[in-house]
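Novice: One structure follows; several queries about it will come next.
The values are calculated or read from the model by the stated rules, or taken from the named source; none is laboratory data. Owing to the predicted nature of the structure, the values given are computational and were not obtained by experimental measurement. Neighbour counts run over all protein chains shown; Cβ positions are idealised from the backbone, glycine included.
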Amino acid sequence: MKTLKLIVAGIILCATSTATHAQATVSVNLTPPSWGPVVTTTPNYYYLPDIESYYDVRTTEFVYLNNGRWSRSRSLPGQYRNYNLYNGYKVVMNDGTRPYNNFKSHKAKYFKGYKGKPQKTIGSMRRSNNKISKSVGNPGLRMGGNANAVKGKGGAGNQGGKGDKGGKGKN
């Protein structure tokens, strides 16, 4: 009986000593999306002036205002589902963990249609029969529909406008 107790105690001792040497590995995705601009450091967020939204690189989520509250989603909100992330301007944000707390100043400084220095994206966008395929990086979005839906200075906020005011129209 004594030997049985010693064997059980030895097994318990071995089990607890190996458990204390176990290591936990946590990996965080810091791969920018393929539509992100080429930069020297990995950004925390992008601000997308045309749609007044943010993209969180770490969580691969869009952050946007929804009925006065900030919401997160892996895809663009419905009203921007046709927005072309490759063509839109992205402002790199490395100022904290919640840049949307400074939304009012970002909105004033980077207005809809804002174009800073020319940007080259990490990946390329190839079009084939109105379908879009991305070549590298973290896709970070579910994009559907027409890739050319938002062009020009007005961005997504210019849709549904009154058209050409006083200009010559086509007949």
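Table: residues versus (1) within 17 Å of the chain's Cα centre (by Cα); (2) modelled with pLDDT of 50 or more.
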position: Gly78; (1), (2): yes, yes
position: Val92; (1), (2): yes, yes
position: Phe111; (1), (2): no, yes
position: Tyr114; (1), (2): no, yes
position: Lys117; (1), (2): no, yes
position: Gly161; (1), (2): no, no
position: Gly167; (1), (2): no, no
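Novice: Shifting gears a bit: Name every residue in the range 55-88 that is in contact with a Lys or Arg (Cβ under 9 Å, 6 or more places away or on another chain) and either of a type in the set (S, T, N, Q) or closer than 18 Å to Asn102 by Cβ (or both), in order of residue number.
Specialist: Tyr55, Asp56, Thr59, Thr60, Phe62, Val63, Tyr64, Trp70, Ser75, Asn84, Asn87
Novice: Any idea which of (1) within 14 Å of Pro32 (Cα to Cα); (2) at pLDDT below 95 is the one Glu61 doesn't satisfy?
Specialist: It is condition (2) that Glu61 fails.
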